[in-house]
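> Can you keep this structure in mind? I'll have questions shortly.
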Number of protein chains: 2
Amino acid sequence: MRPREFDHDEVLRVAFEQFWCKGVRGTSLSDIAREAGVQRGSLYNAFGSKEALFLAAYERYAGEYLGAIQKVLGSGSLRKRLTAFFDLTIKNFRSGSPPRGCPTTRGLMELGSAEGEGLDENARQAFADLVSRITDLVQGALSEGAARGEFDGAPEIAALHIVTVTRGLAVLERAFDDEAQLRKIAAHTINLVLGKEGR
Amino acid sequence: MRPREFDHDEVLRVAFEQFWCKGVRGTSLSDIAREAGVQRGSLYNAFGSKEALFLAAYERYAGEYLGAIQKVLGSGSLRKRLTAFFDLTIKNFRSGSPPRGCPTTRGLMELGSAEGEGLDENARQAFADLVSRITDLVQGALSEGAARGEFDGAPEIAALHIVTVTRGLAVLERAFDDEAQLRKIAAHTINLVLGKEGR
DNA sequence: GAAAGTATTTGACACGATGTCAAGAACATG
DNA sequence: CATGTTCTTGACATCGTGTCAAATACTTTC
């Protein structure tokens with residue numbers, strides 16, 4: 001067979017960069033093709049559709065991101081872990097200039113309620129998956145913290161609450177473009193969950 | 001001059017209904033024109049652009065929504081007020097079938113980072129405005145509650161935290177389509193802010 | 001009451017996006 | 001070297017936004 005003339009991974013990287021900056025609907029396959037130095041038709045041949053291309057690019061990102069989260073949630077005191085977790089989260093959607101926002105949150109909100117609109121069920125699944133996995137990791141950290149007496153409460157609902165706050169931060173980031181505000185909210189949340197400072 | 005052949009407000013109502021269900025990018029002016037029984041060109045004549053039409057429709061919604069929020073946050077014990085606030089918030093984006101989600105959160109996340117992409121600065125302003133006003137109302141309720149001894153802490157950051165959670169709930173709603181989960185998180189948040197039950 | 005003026009309507013057009021398709025090109029294998 | 005399979009390339013159909021000019025309907029003025 002004829003060999004592919006472009007680097008599969010490189011295209012995914014370039015594509016996700018564009019999706020991240022401009023949103024899925026705001027990025028055309030022509031944009032990606034131009035940026036990646038590939039013919040538009042080749043993208044259709046290799047990935048099938050814009051949606052499938054996005055999904056492939058997103059999975060790549062999600063894997064990397066989840067790894068980073070896992071790392072920061074895996075060592076240190078519970079307070080340090082949660083602080084690092086919020087730090088990483090905020091840093092993630094404040095990266096780039098202008099800041100690119102949170103791709104997962106954005107993707108979730110771009111979903112169409114009606115069938116056939118926007119991203120479909122596969123995409124929702126992928127986004128929900130990442131959120132679920134992150135929640136599990138946070139819950140794990142809380143459970144370990146509870147065993148060491150650093151946390152007192154139900155890890156399950158507390159983890160859900162924390163992840164909800166991170167999603168809310170992604171939204172406020174778009175609204176106010178104020179990183180200090182995000183950090184203040186994050187710190188406050190940690191204090192609410194663990195109790196005030198000297199603990 | 002020649003009189004307009006359609007009801008300005010009715011068109012805004014119909015338009016926002018569609019924007020709400022399918023997202024701004026997912027709704028075409030042809031859709032709206034068909035549904036409203038108006039020519040597409042007339043919409044451009046009356047509103048100027050899709051974006052301007054959306055904005056006009058959104059302002060209408062925002063006004064009504066803010067009024068409802070103000071009402072539930074204005075009477076009863078602080079715990080009752082916050083419970084009613086979360087109730088209203090969740091009910092709002094669980095309305096419709098399938099549920100339509102939160103238009104403000106969706107709009108914020110659809111914003112393009114780069115200029116010229118997606119909704120522009122005016123839209124961001126409108127979304128951010130609603131979020132700010134809601135935060136002010138929540139803060140007011142907390143301040144009154146503090147004066148009555150129902151709340152102990154800094155109303156400003158607490159209000160910000162609560163609103164952040166509501167935005168996060170809007171995101172989780174899209175991810176998991178699980179209303180019970182949303183209510184659990186809301187109840188947990190209230191408990192974190194006010195202290196456990198019997199208070 | 002007729003003419004002029006003005007805003008709305010209507011349909012045609014330009015442009016760009018997605019997705020399909022057929023024909024051409026490049027490599028593997030017999 | 002022939003054959004077959006995949007990738008590439010350009011043309012096309014369809015739909016979306018936004019612009020424009022001509023037709024239309026009403027108000028105002030003479």
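> At 25 °C and 0.890 mPa s, what whole-number value in µm²/s does Stokes-Einstein give for the translational diffusion of the protein assembly as shown, with Rh from the Kirkwood sum over Cα pairs?
Translational diffusion coefficient: 110 µm²/s.
> May I ask for the longest run of chain A untouched by GluC sites (Glu not before Pro) that are loop-located per DSSP and have at most 15 neighbouring C-beta atoms (other than their own) within 10 Å?
Value returned for the longest uninterrupted segment is A:6-114.
> Continuing with the same structure: What is the projected area of the convex hull of the Cα atoms of the stretch B:147-199, averaged over all directions, in nm²?
4.0
> Okay, next question. Using θ = phi - 60° and the Karplus curve 6.51 cos²θ - 1.76 cosθ + 1.60, what whole-Hz ³J(HN,Hα) does each residue of the stretch A:165-179 get, with Gly and Pro shown as x?
These are the phi-based 3J(HN,Hα) values: 4, 4, 5, x, 4, 4, 6, 4, 4, 5, 6, 10, 6, 10, 5 Hz.
> Let me ask you something else. Per residue, how much accessible area does the stretch B:50-194 show when a 1.4 Å probe rolls over the protein heavy atoms, in square angstrom? Can you show the working numbers first?
On the way: 5360 Å² over 145 residues.
With the other protein chains kept in place, the stretch B:50-194 gives 37 Å² per residue.
> Let me ask something else about it. Using a Förster radius of 56 Å, what is the FRET efficiency between A:Ala147 and B:Ser42 based on their Cβ-Cβ separation? Nearest 0.05, please. Please report the intermediate quantities before stating the final value.
Working: r = 66 Å, r/R0 = 1.19.
So the FRET efficiency works out to roughly 0.25.
> Which of the lysines could a cross-linker span from B:Lys91 if the Cα-Cα distance has to be under 23 Å and same-chain partners fewer than 8 positions apart are dropped?
Reachable lysines: B:Lys22, B:Lys71, B:Lys80, B:Lys184.
> Compute the separation of the alpha-carbon centres of the stretch B:132-170 and the stretch A:1-25 and state it in Å as a whole number.
The stretch B:132-170 and the stretch A:1-25 have Cα centres separated by 43 Å.
> When the Kirkwood radius is taken over all Cα pairs of the stretch A:58-194, what Stokes-Einstein diffusion coefficient follows at 4 °C and 1.567 mPa s, in µm²/s? Intermediate results must be reported in sequence, preceding the final value.
Numbers: Rh = 15.5 Å.
Once the numbers are plugged in, D ends up at 83 µm²/s.
> Counting only protein heavy atoms and rolling a 1.4 Å probe, how much accessible area do A and B lose on contact, total for both sides, in Å² to 100?
Its buried surface, counting both partners, is about 4000 Å².
> Quick one: with all protein chains in place, what share of the accessible area of chain A is carbon or sulfur, to the nearest percent (1.4 Å probe)?
Carbon and sulfur: 48 percent of the exposed surface of chain A.
> Let me have the 222 nm mean residue ellipticity of the protein assembly as shown computed from DSSP H runs of 4+ only, each contributing -39500 (n - 2.57), with the sum over all residues rounded to the nearest 500.
-24000 deg cm²/dmol
> Hey, if we sort B:Leu194, A:Leu192 by accessible area with the 1.4 Å probe, largest down, what's the order?
A:Leu192, B:Leu194
> Right, here's the next one. What's the FRET efficiency of B:Glu5 with B:Ser97 using the Cβ-Cβ distance as r and R₀ = 30 Å, to the nearest 0.05? Can you show the working numbers first?
On the way: r = 32 Å, r/R0 = 1.08.
So, using R0 = 30 Å, E works out to roughly 0.40.
> Same structure again: Anything losing 10 Å² or more of accessible area from the isolated chain to the full protein assembly: pick those residues out of the stretch A:4-39, probe 1.4 Å, ligands and DNA/RNA ignored.
In the stretch A:4-39, residues shielded by partner chains: A:Cys21, A:Lys22, A:Arg25, A:Gly26.
> Could you check the simple spin-label distance between A:Asp120 and A:Ala154, using points 7 Å along Cα→Cβ, in nm with one decimal?
Here the answer is 3.8 nm between the modelled labels.
> Find every distance from the label point of A:Lys80 to the corresponding label point in the other copies (7 Å from Cα along Cα→Cβ) and write them in nm, one decimal, shortest first.
4.8
> Right, another one. Along the charge dipole of chain B, which of B:Pro99, B:Tyr58, B:Ala46 sits closest to the positive end, that is, farthest toward it, with unit charges on the beta carbon of Lys, Arg, Asp and Glu (+1, +1, -1, -1)?
B:Pro99
> Taking the Cα-to-Cβ direction at B:Arg34 and at B:Lys184 and moving 7 Å from each Cα, how far apart do the two end points lie in nm?
So the two model labels end up 4.1 nm from each other.
The values are calculated or read from the model by the stated rules, or taken from the named source; none is laboratory data. If you're wondering where the values come from, they're calculated on a predicted model, not measured in any experiment. Please note: Cβ atoms are built from the backbone with ideal geometry, for glycine as well, and neighbour counts cover all protein chains shown. The area values use the complete protein model at the heavy-atom level, side chains included, leaving out ligands, DNA and RNA. Shrake-Rupley method; radii C 1.70, N 1.55, O 1.52, S 1.80 Å.
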